[in-house]
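Participant: The structure is given below, and queries will be raised subsequently.
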């Protein structure tokens, strides 16, 4: 994990959504990405 990602995870703990997880979750779901990010 790059240093910037690590810092973001420390500063915004519990609020950072990994985009690679969103690609896995989005398969077969027709909701906008921001809705899925909110639910995660």
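Participant: So, in region 9-18, of the ones that are part of a helix (DSSP H, G or I) and exposed (fewer than 10 other Cβ atoms within 10 Å of the Cβ), which residue ends up modelled with the highest pLDDT? Give the derivation first.
Facilitator: So the first thing to find is which residues in region 9-18 are part of a helix (DSSP H, G or I), and the list is 9-11.
Retained after the next criterion (residues that are exposed (fewer than 10 other Cβ atoms within 10 Å of the Cβ)): 10-11.
Details: 10: 88, 11: 91.
Checking each candidate, the answer is 11.
Participant: Which pairs turn up if I take residues in region 12-25 that are within 13 Å of residue 38 (Cα to Cα) and look for partners that are at pLDDT below 75 and part of a loop (DSSP other than H, G, I, E, B) with beta carbon separation below 6 Å, at least 6 apart in sequence or on another chain?
Facilitator: Listed by first residue and then by second, the contacts come to 17/40.
Participant: All but one of (1) part of a helix (DSSP H, G or I); (2) at pLDDT below 80 hold for residue 31; state the number of the condition that does not hold.
Facilitator: (1)
The values are calculated or read from the model by the stated rules, or taken from the named source; none is laboratory data. No experiment lies behind these values; they were computed from the predicted model shown. With ideal geometry, Cβ positions are generated from the backbone for all residues, glycine too; neighbour counts draw on all protein chains shown.
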